[in-house]
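The values are calculated or read from the model by the stated rules, or taken from the named source; none is laboratory data. Here the structure is a predicted model, which is why all the values come from computation and not from measurement. A quick note on method: Cβ atoms are made from the backbone with ideal geometry, for glycine too, and the neighbour counts reach across all protein chains shown. Just so you know, the surface numbers come from the protein's heavy atoms only, side chains and all, with ligands and any DNA or RNA stripped out. Shrake-Rupley method; radii C 1.70, N 1.55, O 1.52, S 1.80 Å.
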There are 2 protein chains.
Amino acid sequence: VLTTKIIAKKRDSVELSAEEIQFIVSGITDGSIPDYQISAWAMAVLCRGMNPTEIATLTECMLNSGNRLARCSNRPRVDKHSTGGLGDKTSLILAPLLACFDLDIPMLSGRGLGITGGTLDKLEAYPGYRCDLENDEIEQQLQRIGCVITGTTAAVAPADRKLYALRDASATVPSIALITASIMSKKLAETLDALVLDVKWGSGAFMQTLADAKRLEASLVDTGRRVGVITTSLLTDMNQPLGKMVGNACEVNESIDVLKAGGPTDVLELTIALSVELLLSTKRATSASEARAALMQALRDGRALKRYQQMIEAQGGRYLESLPLAGQHVVTAPRSGFVAKFDGQSLGHSVVEMGGGRRQQLDPVDHRVGLEMLQKIGDKVDAGQPLVRFFFDGSATQIESIARQILAAVSLAESPPQAVSLIVNQT
Amino acid sequence: VLTTKIIAKKRDSVELSAEEIQFIVSGITDGSIPDYQISAWAMAVLCRGMNPTEIATLTECMLNSGNRLARCSNRPRVDKHSTGGLGDKTSLILAPLLACFDLDIPMLSGRGLGITGGTLDKLEAYPGYRCDLENDEIEQQLQRIGCVITGTTAAVAPADRKLYALRDASATVPSIALITASIMSKKLAETLDALVLDVKWGSGAFMQTLADAKRLEASLVDTGRRVGVITTSLLTDMNQPLGKMVGNACEVNESIDVLKAGGPTDVLELTIALSVELLLSTKRATSASEARAALMQALRDGRALKRYQQMIEAQGGRYLESLPLAGQHVVTAPRSGFVAKFDGQSLGHSVVEMGGGRRQQLDPVDHRVGLEMLQKIGDKVDAGQPLVRFFFDGSATQIESIARQILAAVSLAESPPQAVSLIVNQT
């Protein structure tokens with residue numbers, strides 16, 4: 001009866017009290033509230049919304065439904081969270097890079113599902129890489145190297161895991177309140193001092209419009225600050241893949257290029273911009289330009305790459321300068337024109353179809369397949385010029401089908417499209 | 001996946017196609033859609049609404065999830081549905097009254113739950129009265145007497161029964177679309193030519209405001225007409241109980257008074273007004289005044305009462321001129337004033353507490369308890385004058401508690417309140 005009353009209250013657009021939110025989260029965690037009431041509550045939250053106080057309370061209740069990482073050093077502890085996008089490999093670079101600045105980066109990360117790639121899947125392209133570190137292993141590695149990228153443990157925010165499974169089937173995923181609580185409860189379990197959020201917008205992002213992305217950004221930042229973590233954010237473009245590579249091993253290879261201060265400029269620029277935020281938040285630098293120079297130096301002199309290699313090896317991986325990829329094929333422009341648009345959903349699906357992503361949670365992943373985007377939005381191409389290279393060992397029919405799918409995802413136009421900034425709200 | 005897409009569509013305020021609505025209703029009926037998706041869908045329907053086409057489709061799909069009564073005579077077939085209110089005993093009078101006009105009235109009715117009384121509970125005050133007639137028994141009785149009041153069979157709109165149980169727990173009861181489909185799918189299973197709806201508004205009704213009641217009325221009438229049934233409606237006052245009696249046996253006794261052309265004027269007036277609608281819809285009369293005169297004549301000359309007695313006996317009941325009641329107690333006015341308001345919820349709860357209603361679906365009902373409202377809104381009372389009589393065989397403590405509860409439900413004011421018409425939209 002109490003559960004029904006709380007659902008009815010939210011249904012009628014009334015603010016829920018902290019006790020009521022705690023009651024729901026406890027009931028989700030211990031299984032005392034049946035699924036059909038949880039999903040109705042979630043739909044009411046989606047339709048009627050939650051105010052910032054309710055969202056912060058929901059986040060804290062979900063955080064407290066599980067354990068947090070213990071403090072294990074005097075170094076400031078920081079992390080980055082991205083709302084996800086094609087080719088986003090910044091985590092792989094940012095974690096070892098910031099570890100060079102006497103910061104701890106305890107990244108609890110996830111696997112890919114659908115078109116969204118997962119940081120853990122990328123790192124598992126290294127034979128032997130372990131994503132199942134126990135809490136004491138995480139602590140020891142942080143003390144020794146300063147960075148860890150491993151899977152979220154079962155003890156972190158169990159309410160979120162339970163709720164997330166229901167949200168997927170009940171069409172309640174795109175709720176700002178529920179997304180915020182889900183992201184932030186897991187990130188806050190890392191016991192952070194500072195967090196930077198990379199909120200993506202565009203055709204390849206969860207939030208397709210800038211307006212929606214801004215609403216999510218405001219909610220995430222507000223929640224982080226309400227629970228006492230220094231939280232900043234960047235709003236970034238996901239109308240085309242970040243960098244050139246989309247896949248697992250190929251993204252790792254591109255990350256290593258960036259760790260050597262090379263690679264595509266957008267990946268380098270975004271990773272530096274996010275890292276600048278965290279150096280400023282932790283007072284490791286007093287200005288953006290100072291932070292930027294220090295970060296570039298750590299890439300150029302090989303300290304970041306060395307830290308990266310240490311992390312891979314500490315987690316059981318066999319480090320390689322370059323991971324092997326599947327056989328190459330090229331998609332060419334059928335006519336001349338300007339690259340105007342990419343269908344991010346469709347590009348992502350092509351990677352899943354090649355075996356590089358998951359349809360279902362336990363599907364195996366082929367790390368060797370992927371895409372290399374040879375042109376960016378605004379580039380002029382001639383007929384017959386290569387557009388996209390893809391790595392795939394399929395049959396001739398499969399290869400042809402993937403090529404067709406990739407080609408259909410690229411729009412060419414007569415005139416150059418309007419330029420979009422990579423970072424909307426650059427500090 | 002299809003279910004999730006349909007939920008998402010409604011969540012995003014998009015009209016559902018007939019195929020999508022059929023998919024959901026089939027999934028509810030055969031159990032292939034899990035409860036947590038049904039409840040999320042119901043909440044999305046509540047929050048986003050459905051247009052008249054969707055509501056009519058939903059109604060027809062729910063109707064077709066089960067069986068309908070077969071045609072068994074050439075007489076026009078009619079019924080009345082009330083959205084429920086305290087002291088509403090019009091069904092008991094209307095069914096045998098209309099049967100006198102060569103009409104069939106196959107009332108499939110329900111039991112009470114919470115403060116809402118049930119027509120079946122009232123009739124079961126007659127020892128032996130059966131509410132579980134089989135289809136062939138219903139047909140035979142219609143052919144012989146023209147009226148039946150029995151329980152909805154399990155074969156009628158099974159989708160509604162399944163959905164209703166979930167709606168209660170998931171706080172999705174007050175959806176115009178779902179209420180309409182629930183009411184109309186069950187009524188249309190009677191295979192009617194004409195239907196009149198009594199939509200109540202006020203403190204003792206499900207719809208507390210006139211505006212909400214009007215929205216529900218429009219949806220019910222529109223749906224009836226879309227599926228080809230001549231549908232009319234009255235919007236009536238439920239800010240105070242209808243008639244004087246609230247309970248089971250006591251309402252039956254009051255109905256018999258009305259069947260003798262006596263009883264409280266509001267019960268008589270409303271029953272006649274509803275019956276007029278059906279005589280006009282079936283062209284049994286050419287004007288309201290002609291219909292009214294004919295109906296009063298059937299009450300005055302005893303035909304309606306005789307038909308009522310035949311129906312009670314045909315369904316196994318032992319007919320009695322007056323059913324026995326529990327011991328009487330009187331609540332008096334603590335001061336002088338005008339009766340300004342009744343708290344219908346609270347009056348209803350007092351009947352439940354005396355044992356005259358159900359808290360849970362299978363609770364037994366004490367037919368002998370109830371209330372007699374000795375004053376109507378607007379009446380002037382002096383201190384010490386009787387307000388309400390109640391029938392109850394409880395302990396002294398219980399009797400005192402009920403008396404206190406009833407007294408608290410009556411508001412007295414210095415000046416007379418504004419008069420409210422019993423029937424808002426009288427033809």
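Note on region B:172-182: residues that are open to solvent by less than 10 Å² (accessible area, probe 1.4 Å), within 13 Å of chain A (Cβ to nearest Cβ) and not hydrophobic (A, V, I, L, M, F, W, C) amount to 2. Is it true that A:I272 is modelled with pLDDT of 95 or more and either in contact with a Ser or Thr (Cβ under 8 Å, 6 or more places away or on another chain) or open to solvent by 10 Å² or more (accessible area, probe 1.4 Å) (or both)? No, not satisfied. Note on region A:27-82: residues that are farther than 23 Å from A:S233 by Cβ, within 14 Å of chain B (Cβ to nearest Cβ) and not in a loop (DSSP other than H, G, I, E, B) total 14. The condition (being more than 30 Å from A:L210 (Cα to Cα) and modelled with pLDDT under 95) is satisfied by just one residue among A:P364, A:P386, A:P417: A:P364.
Taking the residues in region A:15-26 that are open to solvent by 10 Å² or more (accessible area, probe 1.4 Å) and in a loop (DSSP other than H, G, I, E, B) as candidates, determine which candidate is farthest from A:R215 (Cα to Cα). Filtering region A:15-26 for residues that are open to solvent by 10 Å² or more (accessible area, probe 1.4 Å) and in a loop (DSSP other than H, G, I, E, B), the one farthest from A:R215 (Cα to Cα) comes out as A:S17.
Taking the criterion of being open to solvent by less than 50 Å² (accessible area, probe 1.4 Å) and over 16 Å from A:V252 (Cα atoms), the residues of region A:317-344 that qualify are A:G327, A:H329, A:V331, A:A333, A:G337, A:F338, A:V339, A:A340, A:F342, A:G344. Filtering region B:258-278 to residues that are free of Cβ contacts under 8 Å to residues at least 60 places away in the same chain, part of a helix (DSSP H, G or I) and closer than 21 Å to B:L387 by Cβ leaves only B:T265. Could you give me the residue pairs with C-beta distances under 7 Å whose first residue belongs to region A:160-171 and is within 7 Å of another protein chain (Cβ to nearest Cβ), whose second residue is among the β-branched types (V, I, T) wherever it lies, and which are 6+ apart or on separate chains? Short answer, once both residue conditions are applied: A:L166/A:I38; A:A169/B:T4; A:S170/B:I7; A:A171/B:T4; A:A171/B:I7. One residue stands out among those in region A:218-257 that are small (G, A, S) and in contact (Cβ under 8 Å) with a residue 60 or more places away in the chain: the one that is farthest from A:P96 (Cα to Cα), which is A:S219. Picking from residues in region B:195-206 that are surrounded by 23 or more Cβ atoms within 10 Å (Cβ to Cβ) and not acidic (D, E), the one that is nearest to B:G146 (Cα to Cα) is B:L195.
For region A:83-115, a residue qualifies if it is open to solvent by less than 10 Å² (accessible area, probe 1.4 Å), in a loop (DSSP other than H, G, I, E, B) and under 23 Å from A:G146 (Cβ atoms), and the qualifying residues are A:K89, A:L103.
Do we have B:T153 as open to solvent by 10 Å² or more (accessible area, probe 1.4 Å), of a type in the set (S, T, N, Q) and more than 27 Å from B:S411 (Cα to Cα) here? Answer is yes for this residue. Scanning region A:348-370 for residues that are touching a helix residue (DSSP H, G or I) at 6+ places or on another chain (Cβ under 7 Å), in a helix (DSSP H, G or I) and either of a type in the set (V, I, T) or surrounded by 20 or more Cβ atoms within 10 Å (Cβ to Cβ) (or both) yields a count of 2.
Does region A:85-93 contain at least one residue that is at pLDDT 95 or above, in contact with a Cys (Cβ under 8 Å, 6 or more places away or on another chain) and more than 14 Å from chain B (Cβ to nearest Cβ)? No: zero hits. Restricting attention to region A:116-128 and to residues that are within 12 Å of the chain's Cα centre (by Cα) and assigned to a loop (DSSP other than H, G, I, E, B), the residue that is farthest from A:S346 (Cα to Cα) turns out to be A:G118.
Kindly indicate which of B:Q398, B:Q360, B:Q418 is under 22 Å from B:L123 (Cβ atoms) and of a type in the set (S, T, N, Q).
B:Q360
Against the conditions (1) open to solvent by 10 Å² or more (accessible area, probe 1.4 Å); (2) out of contact with any strand residue (DSSP E or B) (no Cβ under 8 Å at 6 or more places or on another chain), B:R75 satisfies every one except (2). One residue alone among B:T180, B:T172, B:T152 is closer than 30 Å to B:P52 by Cβ and touching a Gly at 6+ places or on another chain (Cβ under 8 Å), and that residue is B:T152.
Residues that are touching a strand residue (DSSP E or B) at 6+ places or on another chain (Cβ under 8 Å) and part of a loop (DSSP other than H, G, I, E, B) within region B:384-403 comprise B:G384, B:Q385, B:F392, listed in sequence order. Regarding A:D12, is this residue at the interface with chain B (Cβ under 10 Å from one of its Cβ atoms), open to solvent by 50 Å² or more (accessible area, probe 1.4 Å), touching a residue at least 60 places away in the same chain (Cβ under 8 Å) and within 30 Å of B:Y164 (Cβ to Cβ)? The answer is no for A:D12.
For B:I406, the stated conditions do not hold, so it cannot be described as part of a helix (DSSP H, G or I), within 29 Å of the chain's Cα centre (by Cα), farther than 29 Å from B:T271 by Cβ and touching a residue at least 60 places away in the same chain (Cβ under 8 Å). A search for C-beta distances below 6 Å between a residue of region B:279-308 that is in contact (Cβ under 8 Å) with a residue 40 or more places away in the chain and any residue that is of a type in the set (F, W, Y), counting only pairs 6+ apart in sequence or on different chains, returns B:R284/B:F101. Using the structure shown, decide if B:G146 is within 12 Å of the chain's Cα centre (by Cα) and either free of Cβ contacts under 8 Å to residues at least 60 places away in the same chain or under 24 Å from B:I272 (Cβ atoms) (or both). Considered against the rule, which asks whether it is within 12 Å of the chain's Cα centre (by Cα) and either free of Cβ contacts under 8 Å to residues at least 60 places away in the same chain or under 24 Å from B:I272 (Cβ atoms) (or both), B:G146 comes out as no.
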